Amino acid sequence: MNRFAWSLITIAALAVPPLAEAACTYPPEVTIPDGNSASEADMQAANAAVREYMAQVEAYLACMDDEEKALGDTITDEQKKVHTARHNAAVDALNAVAARYNEQVRLHKAKKP
């Protein structure tokens, strides 16, 4: 994940007033091999890792939504803003990972005869 996305997630996470028990955990960064030098097996493993990462981010987003819903009418405007910032940062990070992976797939396919 790029540093900008991690920075957004970190800032948003630190700014969060405790919503519930802060049970939502952002998944670890995905390592994507260099498409110019990666083997087919490396790229297949990266595909599986990206798919798992995507599922984990979706679970993270659902968890955050559940935390927000649990607050009900007691949620403050600040908590709503923080939720939106965390949500958007996670989606941006997910898109960045997908873009990086897709670029490496293009490079990998381009090297094939």
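Taking Glu68, is it in contact with a helix residue (DSSP H, G or I) (Cβ under 8 Å, 6 or more places away or on another chain) and at negative phi? In short, yes.
Residues that are loosely packed, with under 13 Cβ neighbours inside 10 Å and part of a helix (DSSP H, G or I) within region 59-79 comprise Ala62, Lys69, Ala70, Gly72, Asp73, Thr74, Asp77, Glu78, listed in sequence order.
If I go through region 28-46 residue by residue, how many of them are within 19 Å of Ala90 (Cα to Cα) and either at pLDDT below 95 or surrounded by fewer than 16 Cβ atoms within 10 Å (Cβ to Cβ) (or both)? Before you say what the answer is, go through the steps one by one.
First, pick out the residues of region 28-46 that are within 19 Å of Ala90 (Cα to Cα): 28-32.
When the remaining residues are screened for being either at pLDDT below 95 or surrounded by fewer than 16 Cβ atoms within 10 Å (Cβ to Cβ) (or both), the result is 28-31.
Residues meeting the conditions: 4.
Per the listing Met43, Met64, the residue uniquely of a type in the set (A, V, I, L, M) and in contact with a Lys or Arg (Cβ under 7 Å, 6 or more places away or on another chain) is Met64. How many residues, within region 80-113, are surrounded by 14 or more Cβ atoms within 10 Å (Cβ to Cβ) and of a type in the set (Lys, Arg)? Result for region 80-113: 2. Every test in (1) surrounded by fewer than 17 Cβ atoms within 10 Å (Cβ to Cβ); (2) in contact with a helix residue (DSSP H, G or I) (Cβ under 7 Å, 6 or more places away or on another chain); (3) assigned to a helix (DSSP H, G or I); (4) at pLDDT below 95 is passed by Pro17 save one, and that test is (3). Residue count for region 22-56 satisfying the condition of being in contact with a Pro (Cβ under 6 Å, 6 or more places away or on another chain) and either without any contact (Cβ under 8 Å) to a residue 40 or more places away in the chain or not in a helix (DSSP H, G or I) (or both): 2.
The values are calculated or read from the model by the stated rules, or taken from the named source; none is laboratory data. Being a predicted model, the structure only gives us computed values, none of them experimental. Glycine gets a Cβ as well: all are built from the backbone with ideal geometry, and neighbour counts include every protein chain shown.
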